[in-house]
Amino acid sequence: MTLLEDFLSGETDRVLHATWEVLGSRDPDLVDPLVPHAARIRRATEKLDLGGLIRPNSANVDFALTKLEHRGQGLCWCEDYPGPLHWDPEREQKEGHVRIVSTSEPGWSMTYECECTVCGRVFDVEQGDHHFTWWRWRPRGVKRGT
């Protein structure tokens, strides 16, 4: 089965599997074949009841589709940070996606200044906690080194 088939299947488990594969990947070989099908995927998934506890799982599908649309527009991977609240700056730095420039004092409500390692865009990141730890990314519009 391909990710496109999963998205179009109408089956919750398969749609969510494809969603998380897209959200978790920066592999052009995985993401790029889906780009021309973003509108088709959106139509096929928009009325599905995908469940969700804290927020609807359909929001994650929307984030994945926005990622495909951004990719189709030739935008940097970092354009997706302001969407979902699951992008942990520490993990993103370990993956080589960002460089943490500075942080506030450690704690549950700390802040980060992060720089994209691809395009140099700078983000202010707020960490919070309500049922789970989350991170809100706000682009400054500044690109360093360009």
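Against the list (1) among the charged types (D, E, K, R); (2) farther than 25 Å from Gly128 by Cβ; (3) open to solvent by 20 Å² or more (accessible area, probe 1.4 Å), the condition Asp88 fails is (2).
The numbered conditions (1) over 20 Å from Ser25 (Cα atoms); (2) of a type outside the set (S, T, N, Q); (3) open to solvent by 50 Å² or more (accessible area, probe 1.4 Å) are all true for Tyr112 except (3). The single condition among (1) closer than 25 Å to Arg14 by Cα; (2) under 18 Å from the mean Cα position of the chain (by Cα); (3) modelled with pLDDT under 95 that Leu68 does not meet is (3). Whether a residue is open to solvent by 40 Å² or more (accessible area, probe 1.4 Å), over 24 Å from His130 (Cα atoms) and in contact with a Leu (Cβ under 7 Å, 6 or more places away or on another chain) was assessed, and Glu21 passes this test.
The lone criterion from (1) touching a Leu at 6+ places or on another chain (Cβ under 7 Å); (2) farther than 22 Å from Arg71 by Cα; (3) modelled with pLDDT of 95 or more left unmet by Thr12 is number (3). Which helices (runs of 4 or more DSSP H) sit wholly inside the range 27-131 and have at least 1 residues that are within 28 Å of Met1 (Cα to Cα) and either touching a helix residue (DSSP H, G or I) at 6+ places or on another chain (Cβ under 8 Å) or β-branched (Val, Ile, Thr) (or both)? Here the list reads 28-31, 38-45, 58-72.
Screening the range 100-133 for residues that are touching a Pro at 6+ places or on another chain (Cβ under 9 Å) and within 20 Å of Arg55 (Cβ to Cβ) and picking the one that is modelled with the lowest pLDDT gives Gln127. Among the conditions (1) surrounded by fewer than 13 Cβ atoms within 10 Å (Cβ to Cβ); (2) assigned to a loop (DSSP other than H, G, I, E, B), the only one that Glu5 does not satisfy is (2).
The values are calculated or read from the model by the stated rules, or taken from the named source; none is laboratory data. Everything numeric here is computed off the predicted structure, so don't read it as measured data. Virtual Cβ from ideal backbone geometry, glycine too; neighbours counted across all protein chains shown. Side chains included, ligands, DNA and RNA excluded: accessible areas come from the protein's heavy atoms. Shrake-Rupley method; radii C 1.70, N 1.55, O 1.52, S 1.80 Å.
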